Each structure stands twice: as C-alpha cells, then as structure tokens.
Amino acid sequence: MAAMTLHRRYEQVAACCLTTALAWTQRDAAVGLLQSCAATLAISKVLHALAQGRGWATIGISQLTTSTQHQHQPAVVASRSAAGWTLDGRIPWVTGANESRWIVVGAKTTDRQELLVLLPTSLKGVMPGTPPPMAALNGSKTCAVRLKGVEVPQSLVLLGPCSHVLAARDAVRRFSLTTCVLPLGVAAGAISAARLVLSGRSAQCRQSVETLRTEYKHLARSVYRRGSGGKLPLSEAATMRAKANLLAFRSSLMCLELSKGRGFVMGNAAQRRVREAMFCCVWSSNAHVIEETVRQLALAAPVTPEDPVERRITS
C-alpha cells in the first residue's frame, strides 16, 4: 500500500476512533522496524506470522525518543550475555502490551550505545503492568512493561548497538509526519460532528465552523505534501505537529460548545473528542514539539487592553 494511502486511512480511522488508530499505527510501526532490519530466519518467521494474523506486535521505544530523557540512568539497560543480551529496566509506554505477542524494544547499553530488539512477551522476566486509568484511550490498554533479567538471543537483535539506532528507520521511512495524521483525524471528526449540530445556530456559528474546516483542509494538504517528501528539519516537523495538535483542540472544543450541555455528559461523543485531543498533546511529543505547541498556545487569541471586554473589566 502506498504510504500516502495508508496515512489517509490512519486519519479516517482516527476521525471515528482514536483508540483504534493508535493501536494500528503501533502495530505498523513494529512491522516497519522489523522490515528495516537485516533479515534473519527468526525475524522472517515473525513477519510471516503477523501477515497471517497469528499474533500482534507493538513497540516500546519512547524511552529512546520522548520519555524519561531527563533521567541520568537509561530506562532500559542492555548488558552483554553469553547468548546475546540481558535487558533490565522499565519500558514506560507500550500500547496493547498485555495483548501482544511481540514488542519491538529500544534499550541502551552500559556504554550508552542504542540497541533495538524483538522481544517475545513470553520470555521470562517480561512483566506487563496493569494499564493505568487515563483521560482517554483506555481501550488501547497502554501500560508500562518491566524487564528483569530478560535474556534476548542475538538472533532477535534488530539493529545496533550504535549511537542512533532509529536512524535506519528514518532512512527508509516513506512518510515523515505520521504523528501529525492522528491529530488531523481528531480535528476532521470533530468538524464533521460540529456540522451535524448546526441546525438552528446563527450564521456566525456556521461561518466559524466553515473557517475551521478550511483551515483543516489547508493543513492536511501541507502535511501530506511535506510528509511524503522525505525527512523534515526538526523545527519544521515540530511546527506542523503543533499546528495539528491545536487544530484538534480547537475543533473538538468547538464541537463541545455547539453540543451544549448534552455534549458534556459521559457517553456523548463531543466530550470524548476533547479528551482525545488532549492525548494528541502528550503522545510522542519530543522537546521540540512541546516547545512549539506551548509557544502557539501562548499566541492563540491573546486578550489585550484594546479588547472591548478587557476595557470594560479594567474600567
């Protein structure tokens, strides 16, 4: 399947159910990492099983990219052993850990090199935790996974050890803005829902919804055009992601406002969309994305003394 087509489908699924879209992207990310590594008989068998639907795979690499980066000690440490490597530590976030047969795990060696391994969850010492209650996406069963003396044979080492083990993935990645697509889906779903509850609303409300719809179309066009053109500079990728995050927030809040009180009742889709938009701000957000999102939030519709409401309050 073409990368553009696949990511448009991610977006379409996210517009209906972000939980399903997240699980799908994590499984596909694991498959992509398996395909980007040197082929071995063990890896080929796993890919064959996944293609036949015999088991589920997910990833646990946030400790190399976004989570626990401020800690002095690596979250997952890999030590040399007679048969390969021994893993100890804690993977902070793994979607569907308790339901998965394999996890692609990132670790750091004692000399701070990075390693990527395929971890069968049946191995001794692999201990998925209880998924914590989250504001949204509880159906994803995302939780931490503890590793205690897990022996991983050399045949299950995908990449490394090296200084940046995910560079190989970046080199073959066909679309570089995957994390922008799910927020776009949240925004698209919220805008569509908002249009359905416009009956009886003022012309100003209808115009505002169409304004956000136009903004969504422009941003989606940019994301798909730039994302399919290769890896982007960190600053540009962060700007695109922050814009997608904020559009998801604004669209879902607009949907909630138009839904009035019933939209705030648990079980109504409007409040769920707001909580899903919140997830977009914490999922796979590196320092550049956080800085840019916070910057854009600070600039969004500031209240100044020149505003009529502010003049009335201060007078």
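What the table below lists for this structure:
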read-out	value
Residue list for the range 255-286, restricted to those being assigned to a helix (DSSP H, G or I) and among the aromatic types (Phe, Trp, Tyr)	Phe264, Phe279
Scope the range 225-254; condition part of a helix (DSSP H, G or I), of a type outside the set (S, T, N, Q) and more than 17 Å from the chain's Cα centre (by Cα); matching residues	Arg225, Arg226, Glu236, Arg250, Leu253, Met254
The listed residue being farther than 17 Å from Ala29 by Cβ and of a type in the set (Val, Ile, Thr), out of Thr142, Thr95, Thr86, Thr121	Thr86
Residue check, Val150 at pLDDT 95 or above, β-branched (Val, Ile, Thr) and closer than 30 Å to Pro183 by Cβ	no
Which numbered condition Val181 misses (of (1) among the β-branched types (Val, Ile, Thr); (2) more than 25 Å from Cys17 (Cα to Cα); (3) surrounded by 21 or more Cβ atoms within 10 Å (Cβ to Cβ))	(2)
Selection status of Ala82, over 14 Å from Val181 (Cβ atoms) and either in a loop (DSSP other than H, G, I, E, B) or free of Cβ contacts under 8 Å to residues at least 24 places away in the same chain (or both)	yes
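The values are calculated or read from the model by the stated rules, or taken from the named source; none is laboratory data. The shown structure was predicted, so the numbers you read here are calculated from the model rather than taken from an experiment. FYI the Cβ positions are ideal-geometry reconstructions off the backbone, even for glycines, and counts take in every protein chain you see.
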